[in-house]
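Read-outs: derived from the displayed coordinates by stated rules, not from any lab. Worth saying up front: this structure is predicted, and the values here are computed from it rather than measured. Positions of Cβ are generated from backbone atoms using ideal geometry, with glycine treated the same way; all protein chains shown enter the neighbour counts.
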Amino acid sequence: MHIRDSVAIVTGANRGLGQCFVDGLIARGARKVYAGARNPDSLLPLQEAHGDKLVALGLDVTSDAAVKAAVEQAGDVTLLINNAGVLNSLGLMEAGNLDSLHHEMDVNVYGPARMVLAFAPVLAANGGGAILNVLSVASLVAFPPFGSYAASKAAAMSLTHSLGHELQDQNTTVHGLYAGFIDTGMIDYVDGEKTSPGDVVAAALDGIEAGVSEIDADERTRAVRAALREDPEGLIRSSWARAVEFRKAHPVPKPD
C-alpha cells in the first residue's frame with residue numbers, strides 16, 4: 001500500500017517511537033492520522049504541530065470499551081500501527097511473581113490482538129490496507145533481564161505471522177517490525193548503541209510500501225538473524241553473558 005493519502009491509526013502515539021510514527025506518516029503524505037494514547041491531553045503537542053491532519057484519541061489498548069470507541073470514531077482507517085508497548089526489565093525469577101509477565105502480555109500481545117479484531121473489518125471495508133505490529137529483536141532471542149518482555153514479543157511475533165495468513169483474503173498485508181535498542185525514553189537507562197527512532201520509522205514505512213512482511217530496522221536485528229542461522233547456541237550464550245554485565249550495571253530494585 002501507499003502511505004500517501006492513507007488514513008492511519010497509531011497506538012501509544014504520545015511519545016517515543018509512536019510520536020515519530022505520527023510525524024513520519026504525515027511527512028509522507030498521510031491524509032489523516034488518529035493518534036491514540038491513554039491520556040489524550042498528552043497528545044496536545046502533536047495536535048499543535050499537525051493541525052487537522054491529526055485526530056487525538058483516548059485509547060487504552062487493554063480496554064475493550066476504549067478500542068470499541070476508537071473503531072466508532074475511526075471508521076476510515078486503512079493502516080493500523082500497533083506501537084503501544086511496555087518493558088518492565090525483569091526476568092521471571094527476578095520478578096518472583098507473574099505480575100510483570102501479565103502486564104507485558106496484556107499490553108504487548110492482547111493489546112495488538114484486540115486492535116486487530118476491532119479494526120480488521122474496517123480495513124476490509126476500506127480496501128484491505130495494512131497492519132504493522134511493532135515487535136523487537138527480543139522476539140527472536142531472549143535477553144534474560146528482559147525475560148518477560150521477550151516472551152511477550154515472541155508471542156506477538158507468532159500472532160503477526162498467523163494474521164498474515166488469516167487476513168490475506170481481505171487484501172490486508174501484515175508486517176512485523178524488528179529493532180534492537182531504540183533511542184527513546186523506554187530504555188534511556190541502557191548504555192550502548194541505539195538506533196534513531198526516525199530511522200526505525202523510515203524502515204517501517206518503506207517496508208509497508210514494499211510489501212515486506214518481516215522488516216528489520218537495524219544492524220543488530222540483521223546480526224541476530226545471521227547468528228540464528230549460523231550459531232544459535234553461541235547466540236544464546238552471548239545473550240547470557242551480556243545479561244550478567246547488564247545486571248552488574250543495573251541491579252534488580254529491592255522491594256520496599
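Structural remarks
- Once the chain from A27 to E48 is taken as fully extended at 0.36 nm per residue, the excess over their C-alpha distance is 6.1 nm.
- Ranked by how many other beta carbons lie within 10 Å on average, peptides 29-39, 193-203, 240-250 from highest: 29-39, 193-203, 240-250
- Alpha-carbon centroids, region 1-79 and region 118-133: separation in whole Å: 15 Å
- Kyte-Doolittle at least -1.0, axis length at least 27 Å by Cα - qualifying DSSP helices, the chain: 147-166
- Sequence-distant lysines (8 or more away, or on other chains) whose Cα lies within less than 23 Å of K32: K53, K68
- On full extension, the segment bounded by I236 and D106 gains 44.2 nm, given 0.36 nm per residue less the C-alpha separation.
- Contact order, relative form, for the chain: 18 percent (alpha carbon pairs under 8 Å, 6 or more residues apart, mean separation divided by residue count).
- Listed peptides 123-131, 73-81, 164-172 by packing density, highest first (mean Cβ within 10 Å): 73-81, 123-131, 164-172
- Per residue of the chain, the DSSP helices (runs of n ≥ 4 H) give a summed -39500 (n - 2.57) that works out to -14500 deg cm²/dmol at 222 nm.
- Labels on offer are (1) 59, 48, 36; (2) 48, 44, 30; (3) 53, 45, 27, and the one holding Cα extents along the principal axes in Å computed from this structure is (2).
- Counted residue by residue at 0.36 nm each, then reduced by the alpha carbon distance between them, the extension gain from E245 to R229 reaches 3.2 nm.
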